[in-house]
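So the structure is just underneath, and the comments pick up after that.
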Amino acid sequence: MRAVASPATGDAGFAVPAARGTWRPWLLVAPLLAFLAAFFLVPLGQVLVMSVTDPEPGFGHFVAIATDGFFLRVLAQTFATALLVAVLTLLLGFPLAYAMAEAGPRMAALMMVLVTMSFWTSFLVRTYAWMVILGKSGPIAWLSATLLGGAPPELLFTRFSSTLAMVHILIPYMVLSLYAALRRIEPAVLRSAASLGAPPVSVFRHVILPLAAPGVVNGLTLVFVLCLGFYVTPVLIGSPREQMIAGVIGHQVEEFLAFGEASALSVVLLASTMIVLGVYHRRFGLDRLWG
Amino acid sequence: MDGAYLEIRDLVKSYDGKTRALDRVSLSARRGEFVTFLGPSGSGKTTTLMVIAGFEAPDAGLVRVAGQSMAGVPPHKRGIGVVFQNYALFPHRTALQNVMFPLLMRKVPRAQAARKAAEMLDLVGLADFGNRHPRQLSGGQQQRVALARALVFDPTLLLLDEPLGALDKNLREQMQLEIKRIQRALHVTTVFVTHDQSEAMALSDRIVVFEGGRIQQDATPLEIYNRPRTEFVARFVGDSNLLRARITDPGAGIAEVEGLGPSRVLPQQAQVLPNGQGTLLLRPEALAPAEADAPNRLVLAVEEVVHFGDSALLIGRAGGVTLRARIGGRAAQGIGAGAQVPLGWRPDAAHLIGA
Ligand SMILES: Nc1ncnc2c1ncn2[C@@H]1O[C@H](COP(=O)(O)OP(=O)(O)O)[C@@H](O)[C@H]1O
Ligand SMILES: [Mg+2]
């Protein structure tokens, strides 16, 4: 935005850049702001209002959420799943990000394409792909039937399948976060560590890991927050008995037309996300989240 | 080799398989010696340093430190202190922790490591800065931390790759003296890389001049300045007048010099010049206001005068060639463009370079 505000248009030599800079950027983002206001802020406001007015005014829904075992279980389930997914993407993503940072420029570019390629395919498609892979007539079922005989294991519509699919869908965010942090480490710093007597394992432990920590925190936060609100994947291939909050919200609306209850749950989800991001912001600054 | 502490023989290194970054580089250093690699960018100085430190493997040749071959020894087992151009401090550790690092890697107990690191910080003049992180230190201070960190474990060698490149001129000169003082105090064998000839002159016991992956000359600073072996060295180190010369009488030491006509040179130099052809190097300060007994005389038609206060540089023409003469500031007073200044030079102030 700052670049846009700079007085580089060259029309009037005596223009006052500072004065111009104050309104120009706002003018440029005005369409976006209008769009967000109309299609995001207004509905969000409606949700907030509905959560305390539908069907009757009061905080009944929130009381219900706080006291009803089902909702509490869903919330706990959601947080646990998001945490598990975040940790799994970290464990799986770190070696990949590390290899990317170590690779030569060509190899790194190729790996980057492979990692970001999954961004190009809709995650709905990727979710369906997992349905095929894990399904009753899929390759895994076939393999298990051929090798072990008997009935194939129930893979689909379990916690396992939704976790697996979400890890797959969210791992690029983790890899990119880690890669950004690892790339920022100067090669000379690693070399100096070695020249000072650190064997490779110590270089990794004492230099690479601590310097990658911001990327780890970024990646965990990003994946955790994205996972909290995940809807399609858990609904399509997750266990119907162990739903996540977004699925429950959808269910409330579609099945019971319980808009007030769904709104209250949405508010809880929104608040949870805001709390996570708020903690991150206080500690690290939100502007760093996207690298 | 007699007393060679660092010995490098016939190093060859190519990064791309075609061009040689190092082409048969051989040199040695005695214990406690301060050797400087001097050369333009891309001449192979850093590559040589990285081979010594173990970060690059040579295609051929050997490196020996204290009589031990370094072939196959990984960097962390070489015990060589390296200071990189951009300091390469650990950004997540304080100055003291940075300096403690090599000691902790050597299993020195923490308390003892902290004490030793603090002493070393004191030696580089940063006793009060141990708790700061690198980003809270100025360039010069970071430089000192890097130096302390590379020295605290009593390295067999100290390698510095253009360590002062990022500092401004005053700080540079201050740090040069500092490095020299510390190096003397610890008597550590040091290889210092720079592309700045005055820095090399100021610091070194010996200068190794690199060009195109080869060593052009390996000698003391004065030798390099007064008797450069090649035109490249003459041009790269100091200011110079280089004139084609042909020996006409080797016995008497007479040479026909481009623009200056028949001139007296040192017979012992004239006699060893291959084919009697070569280049005469006249440093600008070798051209002095002529006295009656100067064996070689000329009149400089001054075109430009640059005053430095203590001295002045006269740029002008004589006999169809452009010459630069450096004379005392007082003698230069009143000389301006257009002046005709009689100058002279003595045979022993000039140097003949083989063609
Ligand atoms: N990592 C590298 N990969 C490929 N070529 C390199 C690399 N490092 C140096 N070179 C090449 O080797 C030659 C010598 O470089 P270097 O040793 O860095 O010179 P200097 O330190 O004297 O500036 C240069 O031509 C340079 O381009
Ligand atoms: Mg270099």
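The values are calculated or read from the model by the stated rules, or taken from the named source; none is laboratory data. Source: prediction; values computed, not measured. All Cβ positions, even for glycine, are placed from backbone atoms using ideal geometry, and neighbour counts span all protein chains on display. All accessible areas refer to the heavy atoms of the entire protein, side chains included, with ligands and DNA or RNA removed. Shrake-Rupley method; radii C 1.70, N 1.55, O 1.52, S 1.80 Å.
Computed from point charges on the beta carbon alone (+1 for Lys and Arg, -1 for Asp and Glu), the dipole magnitude for chain B about its Cα centre is near 1200 Debye.
In terms of its C-alpha gyration tensor, chain B has a prolate overall shape, because the principal axis ratio a/c (a ≥ b ≥ c, square roots of the eigenvalues) is not below 1.5 and a/b outweighs b/c. Please name the residues of segment B:19-60 whose accessible area, counted over protein heavy atoms with a 1.4 angstrom probe, falls by no less than 10 Å² between the chain alone and the full protein assembly. Buried by the other chains: B:Met50, B:Phe55, B:Glu56.
Peptide B:78-88 shows a mean partner chain C-beta count of 4 within 10 Å per residue C-beta. Within the same chain, aspartates and glutamates fewer than 8 places from A:Lys136 are excluded, and of the rest, those with a Cα less than 12 Å from its Cα are A:Glu154. Hey, what angle do you get for helix B:139-151 against the long axis of chain B, alpha-carbon based, 0 to 90 degrees rounded to 10? Roughly 70 degrees, rounded to the nearest 10.
Can you tell me the dipole magnitude for the protein assembly as shown around its Cα centre, using point charges on the Cβ only (Lys, Arg +1; Asp, Glu -1), in Debye to the nearest 20? Walk me through the numbers before you get to the answer.
Working: 57 positive and 47 negative charges, 206 e Å.
The dipole magnitude comes to about 980 debye.
Eigenvalues of the alpha-carbon gyration tensor of segment A:207-269, scaled by 5 and square-rooted, set the equivalent ellipsoid semi-axes at 33, 13, 6 angstrom, largest first. Per residue of the protein assembly as shown, the DSSP helices (runs of n ≥ 4 H) give a summed -39500 (n - 2.57) that works out to -15000 deg cm²/dmol at 222 nm.
Maximal additional length on extending the B:Lys77-B:Arg135 stretch stands at 18.0 nm, based on 0.36 nm per residue less the C-alpha distance. Rounded to whole Å, give me the distance from the Cα center of segment A:133-175 to that of segment B:58-83. The two parts, judged by their Cα centres, are 52 Å apart. How far apart, in nanometres, would the label points at A:Phe70 and B:Ser26 be if each is projected 7 angstrom from Cα along the Cα-to-Cβ direction? About 8.9 nm separates the two model spin labels.
Rounded to the nearest 0.05, what FRET efficiency is calculated for B:Val321 and B:Arg106 with R0 set to 60 Å and r the Cβ-Cβ distance?
Working: r = 61 Å, r/R0 = 1.01.
Computed FRET efficiency for B:Val321 and B:Arg106: 0.50.
Compared with the dominant Cα axis of chain B, that is its longest principal axis, helix B:169-186 is turned about 60°.
What is the antiparallel percent of DSSP beta bridges lying wholly in the protein assembly as shown, to the nearest 5?
Working: 60 of 77 bridges.
Roughly 80 percent of the beta bridges in the protein assembly as shown run antiparallel, per DSSP.
Pairing chain A with chain B buries about 1700 Å² of accessible area. This figure sums both sides and uses a 1.4 Å probe. Comparing A:His281, A:His168, A:His61 in a Gaussian network model of chain A, where Cα atoms under 10 Å apart are tied by springs, the biggest mean-square fluctuation is seen for A:His281. R0 = 60 Å: FRET efficiency of A:Thr146 with A:Phe35, Cβ-based, nearest 0.05? Efficiency at R0 = 60 Å is approximately 0.65. Within chain A, helices built from complete DSSP H runs that reach 18 Å or longer along their own axis (Cα positions) and carry a mean Kyte-Doolittle hydropathy of 1.0 or higher are A:69-102, A:105-120, A:159-183, A:209-228, A:259-284. Legend: calculated FRET efficiency, B:Ile254 to B:Ala202, from the Cβ-Cβ distance at R0 = 41 Å, rounded to 0.05, equals 0.65. In straight-distance terms, cross-link reach from B:Lys13 covers every one of the lysines whose alpha-carbon lies under 18 Å from its own, apart from those fewer than eight places away in the same chain; here that gives B:Lys45. Per-residue 3J(HN,Hα) values for segment B:242-250, derived from phi via the Karplus relation 6.51 cos²θ - 1.76 cosθ + 1.60 with θ = phi - 60°, read 10, 10, 5, 9, 10, 6, 9, 9, x Hz in sequence order (x marks Gly and Pro).
Taken one residue at a time, the phi angles of segment B:215-227 give Karplus couplings (6.51, -1.76, 1.60, θ = phi - 60°) of 8, 7, 7, 9, 7, 5, x, 5, 4, 4, 6, 7, 10 Hz. Gly and Pro are set to x. Put the Cα centre of segment B:118-144 next to the Cα centre of segment B:253-267 and the gap is 56 Å. Each of B:Ala127 and A:Met107 was given a label point 7 Å from its Cα along the Cα-to-Cβ line. The distance between the two points is 5.0 nm.
Placing unit charges on the Cβ atoms of the charged side chains and taking the dipole of the protein assembly as shown about its Cα centre, the candidate lying farthest along the positive direction among B:Gly67, A:Ala264, A:His168 is B:Gly67.
May I ask for the longest run of chain A untouched by chymotrypsin sites (Phe, Trp or Tyr not before Pro) that are loop-located per DSSP and have at most 14 neighbouring C-beta atoms (other than their own) within 10 Å?
On the way: sites that count: A:Phe14, A:Phe59, A:Tyr231, A:Trp290.
Value returned for the longest uninterrupted segment is A:60-230.
Neighbours of B:Gly165 by Cβ distance under 10 Å: Lys/Arg scored +1, Asp/Glu scored -1, total -3. Excluding ligands, DNA and RNA, the accessible surface per residue across chain B is 45 Å² with a 1.4 Å probe. Per-residue 3J(HN,Hα) values for segment B:20-26, derived from phi via the Karplus relation 6.51 cos²θ - 1.76 cosθ + 1.60 with θ = phi - 60°, read 9, 6, 10, 10, 6, 8, 10 Hz in sequence order (x marks Gly and Pro). For chain B, the relative contact order works out to 15 percent when only alpha carbon pairs closer than 8 Å and six or more residues apart are counted. Rounded to the nearest 20 debye, the dipole magnitude of segment B:119-221 is 140 debye, with +1 charges on Lys and Arg beta carbons, -1 on Asp and Glu beta carbons, and the Cα centre as origin.
Computed from Cα positions, the angle between helix B:110-123 and the longest principal axis of chain B comes to roughly 20 degrees. For B:Thr248, the amide hydrogen comes within under 5 Å of the amide hydrogens of B:Ile254, B:Ala255, B:Glu256, counting only partners 5 or more places away or on other chains and with H modelled in the peptide plane. Cα-based values for segment A:57-288, radius of gyration first and Dmax second, are 21.1, 70 Å. Spacing of the modelled spin labels on A:Leu83 and A:Trp26, each 7 Å from Cα toward Cβ, amounts to 4.4 nm.
Length, then width, then depth: along the principal axes, the Cα atoms of the protein assembly as shown run 117, 70, 50 Å.
Taking Cα centroids, how far is segment B:184-224 from segment A:212-258 in Å? First find each Cα centre; the distance between them is then 65 Å.
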